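The values are calculated or read from the model by the stated rules, or taken from the named source; none is laboratory data. These figures come from a predicted structure and were not determined experimentally. Cβ placement follows ideal geometry from the backbone for every residue including glycine, while neighbour counts extend to all protein chains displayed. Surface accessibility is based on the protein's heavy atoms, side chains included, excluding ligands, DNA and RNA. Shrake-Rupley method; radii C 1.70, N 1.55, O 1.52, S 1.80 Å.
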Amino acid sequence: MTTPLLDAPALRRTLGRMAREIAAANPGTGTPVLVGIQRGGVPVARRLAADLAGILGRPVACGSLDVTFYRDDLDQRAAPTVHPTEIPGDIQGRTVVLVDDVFFTGRTIRAAMDALHEFGRPSRVQLAVVIDRGHRQLPIRPDVVGQELFTTLCQSVLVRCAAGGEGTDDGVFLRESPPAASSKTPATAVSLSHAS
Amino acid sequence: MTWNRKHLLDLQSLRAEEIVHLLDTAREFKAVGERSIKKVPALRGKTVVNLFVEPSTRTRISFELAALRLSADVINFSAEASSLKKGETLKDTARNLEALNADIIILRHGASGAPHFLSRFLGAHVLNAGDGAHEHPTQGLLDVFTIREKKGRVEGLNVTILGDILYSRVARSNLWALTKLGAHVTLCGPPTLVPKAFESFAPNVRVTWNVEEALRGADVINLLRIQHERQRASMFPSTGEYAALFGLNPARMALVKPDALIMHPGPINRGVEIASAIADGPQSVILEQVTNGLAVRMAALYLVHGGRSLQVAG
């Protein structure tokens, strides 16, 4: 069962607000570099970079980062498919905003910080996510959040976001996964107020 | 797709989509090699053994560097300075290496099927680095990777493999990979080294002993070295005659397409199978093959290590 949480216009407004928060968190001259985490974070980062460029009135560099090799569970799964990593220019001394679609345990972000540092030493690393669904397992939390969401472990959150601009089937959806497990745990999704 | 093979023993048994998945993975590893920090922690804490019963320098170095760049620990084992000289069997040697908790064993052996043999009783992952005249899967993969990268596709291309086909595991691995991906393959060389029977290996394979016919309209020429060490008797009168009849020289280059790729698995014999001017010329991708070999071997180690299925090699 899939429940829509945000439709395309609501996702667009959410991304716009996130871009304004990123701009507000980075006053001054330096333009942050946006880096989307493969795969879900990449289209989100492109959309945020476009919005941010509009706010700042200058181009915003945007790249992608595959964290597969840096995962702490690489040993426990079939070799995951590797997707392109493209870091735009030198990140040494810059502010990098890591972008992902859903923030869950924090392990992906830990891996992303390891992967990112192979490319240089950014002066600051920030984290922007569309959905913070809870269940952190590490002392990592996002700086910019589109929406916080209470979820159970039997649910999954899907962010559908076209990279080139608002798509007709864009949106955020909540899925009830394994039916056997979800019958034990009542699945309730309570949308919280915005983090801002 | 999900890779679920525990070993990489040959290309004959791989599906086209598995080959493509490995090539796609290798493309990302090639990008890793272009960074200032060329190492990723994918195989951190794992032990890789290069078990090279037959001598090799370039393949061993390539595998060694590939494993190091994945952060694995690497042990090099060569037959000349080993217990194999003292009469130990291959099986016992491999079991001893496994008792040291080797996770991946890369085997180069003069006997066809040796890696398949190891894979039947070892818990470790086995990678074939060349077995007799049977297969050299990572060489076949790096050749196809290079063609795909340069030409943007493999399907529909005319690929000519010229030289010692009979004794060549490189020719066989190329043949399987190329035909699975839809290329047309022409095999050419002296009749003693290019049996007509190769045409029955796969569809779209043609054998010719006429070098002009083999080169005309080719998109890719893959030149193979004459493997003196694997020939039981001289299969042709002299290297001078071979160069005259089958060597790729500037006159013969006029027959190939203007943008044809010139490939060679190395080591090259200048003036025998290839003229120096062509080996060093603008169409030669011989050194890029070496670079790509590293990426392909990293991909093979990475995928095989993640392969979880308990595949029993027959």
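Taking all protein chains in place and a 1.4 Å probe, what share, in percent, of the accessible surface of the protein assembly as shown do carbon and sulfur account for?
Values: 11260 of 21270 Å².
Carbon plus sulfur share of accessible area: 53 percent.
Estimated translational diffusion coefficient (Stokes-Einstein, Kirkwood radius over Cα pairs, 10 °C, 1.306 mPa s) of the protein assembly as shown: 62 µm² per second. Only loop residues by DSSP count here, and only those with at most 14 other Cβ atoms within 10 Å; note down the GluC sites (Glu not before Pro) in segment B:110-209 that meet that. Counting only loop positions with at most 14 other Cβ atoms within 10 Å, the GluC sites (Glu not before Pro) in segment B:110-209 are B:155. Considered as an equivalent ellipsoid built on the Cα gyration tensor, segment B:1-140 has semi-axes of 24, 18, 14 Å, the largest given first. Modelled this way, with points 7 Å down the Cα-to-C-beta line, the labels at residue B:288 and residue A:156 are 3.9 nm from one another. Pairing chains B and A buries close to 1500 square angstrom of accessible surface in total, based on protein heavy atoms and a 1.4 angstrom probe. Measuring r between the beta carbons of residue B:210 and residue B:24 and using R0 = 22 Å, the FRET efficiency lands at 0.05. Reported to the nearest whole Å, the Cα centre-to-centre distance from segment B:168-209 to segment B:1-25 is 21. Between helix B:169-180 and chain B there is an angle of about 80 degrees, using the helix long axis and the longest principal axis of the Cα atoms.
The share of C-alpha pairs in segment B:74-199 whose separation exceeds 22 Å stands at 47 percent.
Using DSSP, restrict attention to beta bridges with both residues in segment A:2-193 and report what percent are antiparallel, rounded to the nearest 5. All intermediate terms of the calculation are to be shown ahead of the outcome.
Values: 13 of 33 bridges.
Close to 40 percent.
Could you state the number of Å between the C-alpha centres of segment B:81-156 and segment A:56-98? After rounding, the separation between the Cα centres reads 33 Å.
Show that you can apply the helix-only estimate: for the protein assembly as shown, add -39,500 (n - 2.57) for every DSSP H stretch of four or more residues, divide by all residues, and state [θ] at 222 nm to the nearest 500. Walk me through the numbers on the way to the answer.
Values: 15 runs with 168 residues, N = 510.
Here the helix-only value at 222 nm equals -10000 deg cm²/dmol.
Full extension of the chain segment joining residue B:35 with residue B:68 gains 10.4 nm, where the gain is 0.36 nm per residue of separation less the Cα-Cα distance.
In this simple spin-label model, placing a label point 7 Å from the Cα along the Cα-to-Cβ direction at both residue B:244 and residue A:114 gives a separation of 6.3 nm.
Over all directions, the projected convex hull of the C-alpha atoms in segment A:2-193 averages 11.3 nm² in area. Hey, can you grab everything whose amide H is under 5 Å from the amide H of residue A:148? Only 5+ residues off in sequence or another chain; H modelled, so Pro and N-termini drop out. Correct list: A:132, A:192, A:195. A simple spin-label model places the labels of residue A:13 and residue B:4 4.5 nm from each other, with each point 7 Å out along Cα-to-Cβ. My understanding is that a pair violates if its Cα-Cα distance is over 27 Å; which of B:6/B:91; B:39/B:85; B:6/B:46 do that in this structure? Those over the limit are B:39/B:85.
Take the Cα gyration tensor of chain B, multiply each eigenvalue by 5, square-root it, and list the three semi-axes largest first, rounded to whole angstrom. Don't skip to the end; give the middle numbers.
Numbers: eigenvalues 205, 96, 64 Å².
Equivalent ellipsoid semi-axes, largest first: 32, 22, 18 Å.
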